[in-house]
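Engineer: Take this structure, written in structure tokens, and hold onto it; I'll ask about it next.
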Amino acid sequence: MTSKRAYVSPLRQQAAARTREVILLRATELFAERGYGRVAVADIAAAAGVSPPTVFASLGSKGAILNRIVEDAVAASGYEESLRQVTALTTPGEVLVALAAGTRAGNEGQFAAHQALHKALPVHEDADELWRRATGAYREALADAARHLHTLAPAPAGTARETADRLWYWFGPASWRTLVVENGWSWERAEEFLGRTATATLI
């Protein structure tokens, strides 16, 4: 006898996907506003208009939800396309201007996720690993940009590793947060300043 394959309803799958999207959106908002430690699964469920068991069934625990938020933010940041554009440029000045624009786009576009992550780190049970997963691809992209800068003329002083560290200092999430969140700068003003500072120092 051949066993019957279970029927999977496309409509049910679409509804489940929409539910996950709403849960992730509301969880991101709550983590960004209140802080990870002050949000319970019941709060996420209420904000999303579903029951706590639905949250668990859709995405798992609160920690699993934060992990998914981080993963989605990394994927949506556009860092891979930005890096492709940067490594196609042929002058150091162009590269640094593009890095300022690209890292601004990633930080501004994923601002709520960055806020959620920032507020989670002091209370998260595995903060170092969370930070590594959130920023590993970001940092490696800047390291690739640094290596590209050292193939151009004039090349920055020092090693490519030192240049990568400087790029992280200027274009990593901490600089954007300091200028935009803590000092109230516009994203445009921060982009112009960071690009200009990096250019004046490296070239």
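Every number here is computed from the coordinates shown, using simple stated rules; none is lab data. What you see is a predicted model; the values in this text were computed from it and never measured. In this analysis, Cβ positions are derived from the backbone assuming ideal geometry, glycine residues included, and neighbour counts consider all displayed protein chains.
Engineer: Could you pull out every whole DSSP H run in the chain that spans at least 18 Å of Cα extent along its own axis and averages -1.0 or higher on the Kyte-Doolittle scale?
Structural biologist: Result, helices passing both filters: 10-34, 62-76, 92-109, 127-149, 187-202.
Engineer: Counting other Cβ atoms within 10 Å, keep those with at most 14, restrict to DSSP loop, and tell me which trypsin sites (Lys or Arg not before Pro) in the range 1-99 are left.
Structural biologist: 4, 5
Engineer: Summing -39500 (n - 2.57) over the DSSP H runs of n ≥ 4 in the chain and dividing by its residue number, what mean residue ellipticity at 222 nm do you reach, to the nearest 500 deg cm²/dmol?
Structural biologist: Computed mean residue ellipticity for the chain: -23000 deg cm²/dmol.
Engineer: If you take the C-alpha gyration tensor of the range 141-184, multiply each eigenvalue by 5 and take the square root, what semi-axes do you get, largest first, in whole Å?
Structural biologist: So the three semi-axes of the range 141-184 are 25, 9, 8 Å.
Engineer: Determine the sum of side-chain charges near residue 41: Lys and Arg each +1, Asp and Glu each -1, restricted to other residues whose C-beta is under 13 angstrom from that of residue 41.
Structural biologist: Value of the local net charge: +2.
Engineer: Could you calculate, for the range 1-85, the ratio of the Cα radius of gyration to the Kirkwood radius, expressed as Rg to Rh?
Structural biologist: Using only Cα positions, Rg/Rh for the range 1-85 is 1.13.
Engineer: What whole-number distance in Å separates the alpha-carbon centres of the range 158-193 and the range 82-125?
Structural biologist: Measuring centre to centre over Cα atoms gives 9 Å.
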